[in-house]
Amino acid sequence: MTNVGRGTALAAALAIGWLAGGGLRSERLQAQSASSEGVPALTVVPVSNGQEHVVYVLDGKRQAVSVYAFDVRKEKMRLAAVRRYAADHQLSEYNNEQPSVADIERLTRQR
């Protein structure tokens with residue numbers, strides 16, 4: 001099994017275990033890897049809104065987030081979204097309210 005396959009299997013196991021355990025706890029689960037960067041391989045963050053449990057799986061090595069939703073009534077899990085966020089971190093700002101990052105930088109340089 002590849003590292004990606006192991007990571008996916010581990011994420012699924014953590015998510016299913018969390019859901020089977022009631023899913024009402026808000027603690028974060030981390031799966032540590034032997035990474036030279038010191039970044040956790042996976043961080044699983046469960047959130048519940050009553051009718052649906054949502055599990056966010058943050059993959060620090062791949063710089064990606066996956067979102068799984070479990071419908072309590074239907075007892076089914078679905079993959080809701082996947083996104084690599086490495087390029088997002090290249091932006092200095094996006095969709096922010098005032099003051100902008102540039103405004104703050106300008107103000108702090110004046111001191």
(request) Could you line up 94, 85, 68 from fewest to most neighbouring Cβ atoms inside 10 Å? (result) 94, 85, 68
(request) Determine ³J(HN,Hα), in whole Hz, for all residues of region 80-88 in sequence, where each value follows from phi through the Karplus function 6.51 cos²θ - 1.76 cosθ + 1.60 and θ = phi - 60°; x replaces Gly and Pro. (result) 8, 6, 9, 8, 7, 10, 4, 5, 4
(request) Taking amide H positions as placed in the peptide plane 1.01 Å from N, state which residues far from residue 80 in sequence (5 or more) or on other chains have amide H under 5 Å from it. (result) 67, 68, 69
(message) If neighbour count is taken as other Cβ atoms inside 10 Å, put 72, 44 in order from fewest to most.
(response) 72, 44
(request) Give the long-range amide H neighbours of residue 48: residues separated by 5 or more places, or on another chain, with amide H under 5 Å away, using H modelled in the peptide plane at 1.01 Å from N. (result) 54
(request) Work out from phi, with θ = phi - 60° and the Karplus expression 6.51 cos²θ - 1.76 cosθ + 1.60, the ³J(HN,Hα) of each residue of region 97-102, listed in order in whole Hz, and give x for Gly and Pro. (result) 8, 6, x, 6, 4, 4
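Return 76, 61 ranked ascending by Cβ neighbour count within 10 Å, so the fewest neighbours appear first. The partial results should precede the final answer.
Numbers: 76 9, 61 15.
So the ranking, lowest neighbour count to highest, is 76, 61.
The numbers here are math on the coordinates, done by the rules we state, and not lab data. Please read all numbers here as calculations on a predicted model, not as lab measurements. No Cβ is skipped: glycine too gets one built from the backbone with ideal geometry, and neighbour counts run over all protein chains shown.
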